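The values are calculated or read from the model by the stated rules, or taken from the named source; none is laboratory data. A quick note: this is a predicted structure, and the numbers were derived from the prediction, not measured. Here Cβ is always computed from backbone atoms with ideal geometry, including for glycine, and neighbour counts include all displayed protein chains.
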Ligand SMILES: [Zn+2]
């Protein structure tokens with residue numbers, strides 16, 4: 001009975017690294033993931049929604065990509081802030097330059113999302129994954 005509530009269709013699990021339909025660790029569904037999904041559902045590229053996971057084979061690769069994404073995000077933001085700073089200082093602190101600076105930072109952030117790698121759900125609410133009892 002409670003099945004209906006709890007049931008999250010795990011069918012269509014697709015690894016975000018190798019893009020194959022495999023079982024794996026679920027990703028954390030943060031705002032960016034929702035946003036990207038929303039974006040995806042409003043563009044022509046819309047496909048059947050899959051449940052994004054990272055499969056066992058790709059885990060090491062995933063960690064690397066996630067790390068490089070984090071580094072990228074930070075350096076993009078630093079560049080954005082530097083540019084914004086230059087513009088604001090260069091314009092002598094005109095109000096419009098602050099707006100312009102913000103736009104640049106937002107743009108750099110969006111740019112980093114092109115290579116967005118979501119976090120994994122590990123350690124978060126451990127949903128009943130039934131059979132797989134993590135014991136090493
Ligand atoms: Zn994979």
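Key figures for this structure:
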read-out: Some residue of the stretch 37-60 being over 14 Å from residue 116 (Cβ atoms), within 16 Å of the ligand (Cβ to nearest atom), at pLDDT below 80 and surrounded by fewer than 15 Cβ atoms within 10 Å (Cβ to Cβ); value: yes
read-out: Odd one out for residue 74, checked against (1) within 16 Å of the chain's Cα centre (by Cα); (2) at pLDDT below 85; (3) more than 16 Å from the ligand (Cβ to nearest atom); value: (2)
read-out: Residue match in the stretch 114-135 (condition: surrounded by 14 or more Cβ atoms within 10 Å (Cβ to Cβ) and at pLDDT below 90); value: yes
read-out: Condition broken by residue 110, with the remaining ones in (1) more than 30 Å from residue 15 (Cβ to Cβ); (2) modelled with pLDDT under 95 satisfied; value: (1)
